[in-house]
Amino acid sequence: MTLPTQPDAAWRGINHIALVTPDLAATLHFYRDVLGMPLAALLPASAAHGRHAILSTDGSGSGTGQRLHFFEDAAAQIFTDPEALTAVRFVPGALQHIALTLPDEAAGQALQALGLETTEIEDLQLNQSFRMLDPMGVIVEVAWLKPGQPTHSPLT
């Protein structure tokens, strides 16, 4: 099968990532209150889904930038790995992790200073990062560009 191509698409990044949580209150506490992400909207349950929270990951709080959407479903089953902070494994078909960007290492160290359980800071090719778990067991990677790296770089 041959698919059409559009080589000149003007993508602007990710609009949002939709996740499900069995406990929206605990999820909001972690992302909004602990991590400091502004709540752009909290929507009531509808016929299609449970309550829906929209968090801004770009600091704007407007809900128009990059966002995480959490849909509440008490029966949601989240893949969790008891060794998630000590081993990196990939599970076919499962959400592996979400990665969030901070401006620099100082911001990452300030987050670690809150006393959350995290991995050590890893020095990767373009950035540095550490991992932690949200209250539902989702792996959250916290990353920032290494000093001197361009803000965007084509991978080859």
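No lab work stands behind these numbers, since they all come straight from the coordinates. A quick note: this is a predicted structure, and the numbers were derived from the prediction, not measured. Cβ placement follows ideal geometry from the backbone for every residue including glycine, while neighbour counts extend to all protein chains displayed.
At 7 Å along Cα-to-Cβ for each site, give me the label-to-label distance between ILE121 and ASP73 in nm.
Placing both labels 7 Å along Cα→Cβ, they lie 3.8 nm apart.
Let me know the shape class of the chain, please: from the alpha-carbon gyration tensor, a ≥ b ≥ c as square roots of the eigenvalues, rounded when a/c is under 1.5, otherwise prolate if a/b is greater than b/c, or oblate. Can you show the working numbers first?
Numbers: a/c = 1.38, a/b = 1.09, b/c = 1.27.
The shape class here is rounded.
Which distance in Å, rounded to a whole number, links the C-alpha centroids of region 85-156 and region 9-41?
The distance from the Cα centre of region 85-156 to that of region 9-41 comes to 16 Å.
Please label the shape of region 78-148 as rounded, prolate or oblate, based on the square roots a ≥ b ≥ c of the eigenvalues of the alpha-carbon gyration tensor (a/c under 1.5 means rounded; beyond that, a/b larger than b/c means prolate, else oblate).
prolate
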